[in-house]
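Below is one structure, written out as structure tokens; comments come after it.
The values are calculated or read from the model by the stated rules, or taken from the named source; none is laboratory data. Since this is a predicted model, take the numbers as computed values, not measurements. Neighbour counts are summed over all protein chains in view; Cβ atoms, including those assigned to glycine, are modelled from backbone coordinates with ideal geometry.
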Amino acid sequence: MGIAAIINGEYLPTHAWFCGFIDIFFVGGTYLSTWYVALMSLERSLLIIHNIHLATWLWISIMIFELVMFLIFNIISISLNQISLADLAVYCMTTPDFHIGYITNTTYFVMMCLCLLAVLYSYLGIAAIQRKRAWKDIRDLNMSKDEALKQANKVIGKVFFLLFIYMACNFTEILNTVYELITGETRSSVADFASTVMLTINPVANCIILIQLHDPIKVSLLKTYPTLSKILGNKNAESVQT
């Protein structure tokens, strides 16, 4: 963007085609990754908490539905020229001052709330079931109380860490969206900066969550990059070797 400004004195975000590109790929990638992580969290929690295994095609269908829904709203916004440059001047998206923008932002808000509820239910439920299983092992298998609770607390600690990452990356955006929907005004530059920084971290955070939720992915990663085993600990290295 800076080079373009030096060459012809114009910033790329001022061009409609670039605004549309950023809206679809930057904004879309951020929101969709958040929705998909919540979906994966729900899939794991149903399996761990309730021993419910839903067909893979069902989860893929939901993911496709979310993608199509996002594309429909934003392609309509782009075709009607109802997207604008954010106050930070680093990205474009549809805003509540447009009719379709209000509908789109309301949809984003509903999806973010549903994702937040799904993640809270998933992680808190997994933490509760781990604690319950620890006490069951102590009672039925005569396991050492200290050892059983220590193992359970390790899992619970990891679960709460993942929950903290998800909340930290997404809660600011939820607050900003609520403000925009209630007031009908765009968020301030400071609020947008805070939200953008956290959402920019989201892809990395989502990768961490994905690796922690799915052991096959973690094992494959450690086999591909053995150096990570030293960083993550000897137990992970041993699990890869076995």
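Remarks
- First in region 135-156 and within 24 Å of SER45 (Cα to Cα), second anywhere and modelled with pLDDT of 85 or more and among the hydroxyl-bearing types (Ser, Thr, Tyr), Cβ under 9 Å, 6 or more apart: none
Condition check ((1) buried (at least 18 other Cβ atoms within 10 Å of the Cβ); (2) closer than 17 Å to MET112 by Cα) across all residues:
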site: PHE164; (1), (2): no, yes
site: ALA168; (1), (2): no, yes
site: ILE174; (1), (2): no, yes
site: THR177; (1), (2): yes, yes
site: SER189; (1), (2): no, no
site: ASP192; (1), (2): yes, yes
site: LEU199; (1), (2): yes, yes
site: CYS207; (1), (2): no, no
site: ILE211; (1), (2): no, no
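- Number of the exception - ILE231 against (1) of a type in the set (A, V, I, L, M, F, W, C); (2) surrounded by 16 or more Cβ atoms within 10 Å (Cβ to Cβ); (3) at pLDDT below 70: (2)
- Residue list for region 57-113, filter: in contact (Cβ under 8 Å) with a residue 40 or more places away in the chain, surrounded by fewer than 14 Cβ atoms within 10 Å (Cβ to Cβ) and under 20 Å from the mean Cα position of the chain (by Cα): LEU71, CYS113
- Residue match in region 2-11 (condition: hydroxyl-bearing (Ser, Thr, Tyr), modelled with pLDDT of 80 or more and surrounded by 14 or more Cβ atoms within 10 Å (Cβ to Cβ)): no
- Tally of residues being within 23 Å of LEU210 (Cβ to Cβ) and in contact with a Phe, Trp or Tyr (Cβ under 9 Å, 6 or more places away or on another chain) across region 153-197: 8
- Residues in region 138-189 that are in a loop (DSSP other than H, G, I, E, B) and polar (S, T, N, Q): ASN142, SER144, THR186, SER188.
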